[in-house]
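The values are calculated or read from the model by the stated rules, or taken from the named source; none is laboratory data. Owing to the predicted nature of the structure, the values given are computational and were not obtained by experimental measurement. Reconstructed Cβ throughout: ideal geometry from the backbone, glycine too, with neighbour counts over all protein chains shown. Ligands, DNA and RNA are stripped out before the accessible areas are found, and what is left, the full protein with its side chains, is counted by its heavy atoms. Shrake-Rupley method; radii C 1.70, N 1.55, O 1.52, S 1.80 Å.
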Amino acid sequence: MSNHTYKKIELVGSSTLNIEDAVQNAVAKASLTEKNLRWLEVVETRAHLEDGKVAHWQVTVKIGATLE
């Protein structure tokens, strides 16, 4: 296994559908400007409520990208 150095960024993805979609939205946005995305960790999950129901999910993720 070779040695790697990673850059880590933190993003908050959101979705009206579900938590997984919020994570995918964050990853999709990161992939527009960052290369070599390799892993992520979910560090926080929360939801915005309206009228006693979940209106949208917010998920904070840390995404690791391999440096060239």
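So, in the range 23-55, of the ones that are touching a residue at least 24 places away in the same chain (Cβ under 8 Å) and touching a helix residue (DSSP H, G or I) at 6+ places or on another chain (Cβ under 8 Å), which residue ends up least open to solvent (accessible area, probe 1.4 Å)?
Step by step, filter the range 23-55, then rank; the result is 37.
Determine, yes or no, whether residue 61 is in a strand (DSSP E or B), within 19 Å of residue 6 (Cβ to Cβ) and either in contact with a Leu (Cβ under 6 Å, 6 or more places away or on another chain) or in contact (Cβ under 8 Å) with a residue 60 or more places away in the chain (or both).
Yes, satisfied.
With the requirement that a residue be open to solvent by 80 Å² or more (accessible area, probe 1.4 Å) and part of a strand (DSSP E or B), what does the range 1-22 give you?
6, 7, 8, 10, 12, listed by residue number.
Considering only residues of the range 56-68 that are closer than 14 Å to residue 10 by Cα and of a type in the set (S, T, N, Q), which is most open to solvent (accessible area, probe 1.4 Å)?
58
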